[in-house]
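Laboratory data are not the source of any read-out in this text; all were calculated from the coordinates shown. If you're wondering where the values come from, they're calculated on a predicted model, not measured in any experiment. FYI the Cβ positions are ideal-geometry reconstructions off the backbone, even for glycines, and counts take in every protein chain you see.
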Amino acid sequence: MMPHNCEATPLRIAMWCGPRNISTALMRAWENRPDTFVVDEPLYAYYLHATGADHPLREEIIARCETDWRRVVQSLTHDTRPGKSIYYQKQMTHHFLPQIERGWLADVTNCFLIREPREMLVSYLKKMPTPTFADTGYPQLQDLFRHVRQMTDKAPPVIDARDVLTDPRRTLGLLCAALGVPFHDAMLSWPPGARDSDGLWAAHWYPEVEQTTGFGPYQPHDTPLPRELDCLYEQCREVYAELYNHRLR
């Protein structure tokens with residue numbers, strides 16, 4: 001990819017993934033760059049309001065965050081910050097409901113973060129004990145990936161959580177190269193604690209991340225899944241395999 005022209009408009013990176021995919025740690029990495037500002041799951045309040053999903057802090061999130069997807073999209077495609085040339089957007093695929101128009105996706109650079117489904121589900125079950133296929137974000141991940149690929153006539157950048165944890169310097173370097181921006185060592189470590197940029201939901205979802213100062217080493221999860229999730233796992237695995245074939249390596 002050609003180097004991004006930082007003098008014109010921010011490079012707007014929409015990083016799409018499902019829940020429990022090291023997405024918050026990746027947001028930390030980008031926010032720690034001197035040239036980047038971030039937004040945390042900007043469509044979450046809209047998703048909660050539109051679906052009635054019973055999530056922790058639901059009413060507070062709806063009351064205090066934007067619930068009109070059109071206004072959210074306006075900010076995603078127009079917001080700037082003085083001295084910042086990159087706008088990193090942590091996006092959950094299951095928040096992208098069918099009624100959201102897709103034309104604006106051409107105004108951001110869409111990337112995808114994936115994680116092996118068994119590891120994702122083991123982590124997700126600690127927070128949400130009865131997930132559906134839609135809850136995992138995998139069907140929406142596949143749909144958005146295919147849409148962006150057709151729209152741009154090429155596969156968008158895909159990174160795998162295991163690759164990030166195993167070799168963050170190399171994997172984030174590959175991602176930066178694909179985006180046409182220089183890699184910064186600042187992406188490899190960050191101060192612990194909460195951030196002003198964290199969503200209101202951080203208290204429920206981010207306690208572990210708030211203790212980190214960088215990407216931890218990859219540790220395989222051998223915890224067995226409940227048998228009743230076998231079908232869900234297979235559905236997720238098929239989507240994961242499709243995107244895994246396109247991961248940066």
I'd like to check something: does region 86-93 contain any residue that is without any contact (Cβ under 8 Å) to a residue 40 or more places away in the chain and either part of a loop (DSSP other than H, G, I, E, B) or in contact with a His (Cβ under 9 Å, 6 or more places away or on another chain) (or both)?
no
Tell me which residues, restricted to region 43-61, are in contact (Cβ under 8 Å) with a residue 60 or more places away in the chain and either exposed (fewer than 12 other Cβ atoms within 10 Å of the Cβ) or at positive phi (or both).
57
Among the residues of region 21-49, what is the count of those that are in contact with a strand residue (DSSP E or B) (Cβ under 9 Å, 6 or more places away or on another chain) and in a helix (DSSP H, G or I)?
11
Residues of region 129-143 being in a loop (DSSP other than H, G, I, E, B) and more than 26 Å from residue 68 (Cβ to Cβ), which ones?
129, 130, 131
Within region 203-222, the residues that are in a helix (DSSP H, G or I) and out of contact with any Ser or Thr (no Cβ under 8 Å at 6 or more places or on another chain) are 203, 204, 207, 208, 210
Check on residue 136, crowded, with 20+ Cβ neighbours inside 10 Å, under 23 Å from residue 238 (Cβ atoms) and within 15 Å of the chain's Cα centre (by Cα)
yes
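Restricting to region 189-203, and then to whatever is among the charged types (D, E, K, R) and under 21 Å from residue 216 (Cα atoms), can you tell me which residue is surrounded by the most Cβ atoms within 10 Å (Cβ to Cβ)? Before you say what the answer is, go through the steps one by one.
To start, the set of residues in region 189-203 that are among the charged types (D, E, K, R) comprises 195-196, 198.
Those left that are additionally under 21 Å from residue 216 (Cα atoms): 195, 198.
Details: 195: 18, 198: 21.
Ranking the qualifying residues of region 189-203, first place goes to 198.
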Pairs returned, first residue in region 31-42 that is under 14 Å from residue 190 (Cβ atoms) and in contact (Cβ under 8 Å) with a residue 12 or more places away in the chain, second residue that is of a type in the set (Phe, Trp, Tyr) and surrounded by fewer than 23 Cβ atoms within 10 Å (Cβ to Cβ), beta-carbon separation under 8 angstrom, 6 or more apart or interchain, are 31/37; 31/190; 32/190
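Any idea which of 177, 155, 186 is over 16 Å from the mean Cα position of the chain (by Cα), surrounded by fewer than 17 Cβ atoms within 10 Å (Cβ to Cβ) and not in a helix (DSSP H, G or I)? Lay out the reasoning, then the answer.
Numbers: 177 fails: not in a helix (DSSP H, G or I); 186 fails: not in a helix (DSSP H, G or I).
The match here is 155.
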Can you find a residue in region 223-234 that is among the charged types (D, E, K, R) and within 18 Å of the chain's Cα centre (by Cα)?
no
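Report whether or not residue 225 is outside any helix (DSSP H, G or I) and among the aliphatic types (A, V, I, L, M).
Details: outside any helix (DSSP H, G or I): yes; among the aliphatic types (A, V, I, L, M): yes.
The answer is yes for residue 225.
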Could you figure out which of (1) over 27 Å from residue 96 (Cβ atoms); (2) part of a helix (DSSP H, G or I); (3) touching a residue at least 24 places away in the same chain (Cβ under 8 Å) isn't true of residue 163?
(1)
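Restricting to region 101-124, give me the number of residues that are part of a helix (DSSP H, G or I), out of contact with any Cys (no Cβ under 8 Å at 6 or more places or on another chain) and farther than 18 Å from residue 13 by Cα. If you could, list the steps in order and put the result at the bottom.
Step one: list which residues in region 101-124 are part of a helix (DSSP H, G or I), which gives 103-107, 117-124.
Those left that are additionally out of contact with any Cys (no Cβ under 8 Å at 6 or more places or on another chain): 103-107, 118-119, 122-124.
Next, only the ones that are farther than 18 Å from residue 13 by Cα stay: 118-119, 122-124.
Adding up the residues that qualify gives 5.
Among the candidates 81, 70, 64, which residue alone is within 21 Å of residue 143 (Cα to Cα) and surrounded by fewer than 18 Cβ atoms within 10 Å (Cβ to Cβ)? Spell out the reasoning first.
Values: 81 fails: within 21 Å of residue 143 (Cα to Cα); 64 fails: within 21 Å of residue 143 (Cα to Cα).
Going through 81, 70, 64 in turn, the sole match is 70.
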